[in-house]
Amino acid sequence: MSGFSPEWLDLREPADHRARDSVLAQQMAAHFAARAHVSVVDLGCGSGSNLRGTAQFLPDHQSWLLVDYDAQLLTWARERLVDWADDSRSEGDLLRLRKDHKHIDVSFAEADLTRELTQVLTPAPDLVTAAALFDLVSEPWLELFTAVLSAAGLPLYTVLSYDGRQEWQPVHPQDGPVLRAFNSHQQWDKGFGPATGPRASAVLAGLLAARGYAVHTATSPWLLGPDDSGLQRELATGIAAAALETKDVAQEEAADWLAARREPGHATIGHSDIFATPQPY
Ligand SMILES: C[S@@+](CC[C@H](N)C(=O)[O-])C[C@H]1O[C@@H](n2cnc3c(N)ncnc32)[C@H](O)[C@@H]1O
């Protein structure tokens with residue numbers, strides 16, 4: 001198990017889909033518009049939310065490889081995709097979906113990206129994508145990743161990397177200390193070495209630009225209101241637990257902050273998206 005529960009991924013999916021930057025999505029759509037078919041690899045796919053959010057922007061015929069190291073999430077992804085599609089059919093391990101006018105073939109790979117990155121990108125797809133993944137990874141891993149991407153000349157579309165910014169309403173005296181502790185926890189090792197956390201997008205964009213990519217970035221904040229109270233409560237619970245683990249905030253202060261944040265309110269949680277294409281020399 002990865003520590004990302006299906007319940008948490010389900011809870012965040014509507015906010016994730018609302019938050020994606022639409023201009024960047026349209027730029028990505030325009031890049032592939034002339035093609036009849038695209039192949040896509042989704043790294044750290046979880047329950048398949050990224051496919052459900054991205055397929056509408058890609059040509060009518062698509063093949064996806066969904067990659068995760070959590071076998072239970074891959075099983076859940078298959079079930080969620082069957083529920084989401086208008087029509088579905090299994091051919092061995094391959095799942096064939098129809099959604100609106102899109103024909104989407106989906107394969108699944110249980111693979112650990114710390115060890116099997118090259119394998120999952122072979123043969124090379126037309127597009128590499130990932131949602132809410134890169135803030136978990138280290139700078140050396142991003143260096144390796146961008147080297148692999150660039151060697152194969154692959155475009156990248158990634159959404160929802162956490163950028164360290166949070167604003168909660170109404171304000172609370174512990175907002176600053178809890179956010180600082182949480183952002184420091186975000187840089188702890190999540191399996192790839194010390195995580196880039198809030199710096200993920202800036203580091204990734206810089207590495208891609210250094211390899212000659214045209215890099216487009218946009219912000220994609222979660223804008224949460226009283227209708228998202230379930231997500232806000234779970235998010236606040238996770239933030240308070242992580243902040244406490246750093247020992248930079250006291251138990252009482254974290255508990256006080258969490259009690260306030262479990263009440264319906266408003267929150268803006270910063271993320272960013274990147275669309276990057278290799279430039280011809
Ligand atoms: C925050 S979740 C995002 C899931 C999904 N992309 C989404 O947007 O809902 C991060 C995902 O990365 C996966 N993951 C983390 N470390 C991984 C690794 N070393 N290899 C493969 N997958 C990994 C987790 O299992 C999880 O599904």
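Tabulated values for the structure
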quantity: Tyr69 accessible area, 1.4 Å probe, all protein chains in place, Å² to nearest 10; calculated: 120 Å²
quantity: From phi via Karplus (6.51, -1.76, 1.60), per-residue ³J(HN,Hα) for region 124-137 in Hz, x at Gly/Pro; calculated: 5, x, 7, 8, 9, 9, 6, 10, 6, 10, 5, 6, 7, 9
quantity: Tilt relative to the chain, helix 251-261 - C-alpha long axis, 0 to 90 degrees, to 10; calculated: 60 degrees
quantity: Exposure of Leu207 as accessible area (Å², to 10), given a probe of 1.4 Å and all protein chains; calculated: 40 Å²
quantity: Calculated [θ] (222 nm, deg cm²/dmol) that DSSP helices of n ≥ 4 give over the chain, each run adding -39,500 (n - 2.57); calculated: -12500 deg cm²/dmol
quantity: Accessible area in square angstrom per residue, region 129-239, 1.4 angstrom probe; calculated: 40 Å²
quantity: Nearest-ten-degree value, helix 6-19 long axis tilted from longest Cα axis of the chain; calculated: 80 degrees
quantity: Reciprocal mean inverse distance between Cα atoms of the chain - Kirkwood radius, Å; calculated: 19.5 Å
quantity: Antiparallel DSSP beta bridges within the chain, percent to nearest 5; calculated: 55 percent
quantity: Protein accessible area in the chain, 1.4 Å probe - carbon and sulfur %; calculated: 52 percent
quantity: Listed residues Thr129, Thr75, Thr114 arranged by accessible area, highest first, probe 1.4 Å; calculated: Thr75, Thr114, Thr129
quantity: Ordering of 136-146, 244-254 by packing [mean C-beta count within 10 Å, highest first]; calculated: 136-146, 244-254
quantity: Whole-number accessible area per residue in Å² for region 25-117, which is evaluated in the context of all protein chains at 1.4 Å; calculated: 45 Å²
quantity: Kirkwood hydrodynamic radius over Cα pairs of region 1-108, then Stokes diffusion coefficient at 4 °C and 1.567 mPa s, in µm²/s; calculated: 91 µm²/s
quantity: Dimensionless Rg ratio for region 99-258, taking C-alpha atoms and the 2.2 N^0.38 Å reference; calculated: 1.21
quantity: Tilt relative to the chain, helix 200-210 - C-alpha long axis, 0 to 90 degrees, to 10; calculated: 40 degrees
quantity: Size-normalised alpha-carbon gyration radius of region 96-158, reference 2.2 N^0.38 Å; calculated: 1.26
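The values are calculated or read from the model by the stated rules, or taken from the named source; none is laboratory data. Bear in mind that the values here come from a model prediction, so they are computed numbers and not experimental data. Note: ideal-geometry Cβ built from the backbone for every residue, glycine included; neighbour counts use all protein chains shown. Surface areas here come from the heavy atoms of the whole protein model, side chains and all, with no ligands, DNA or RNA. Shrake-Rupley method; radii C 1.70, N 1.55, O 1.52, S 1.80 Å.
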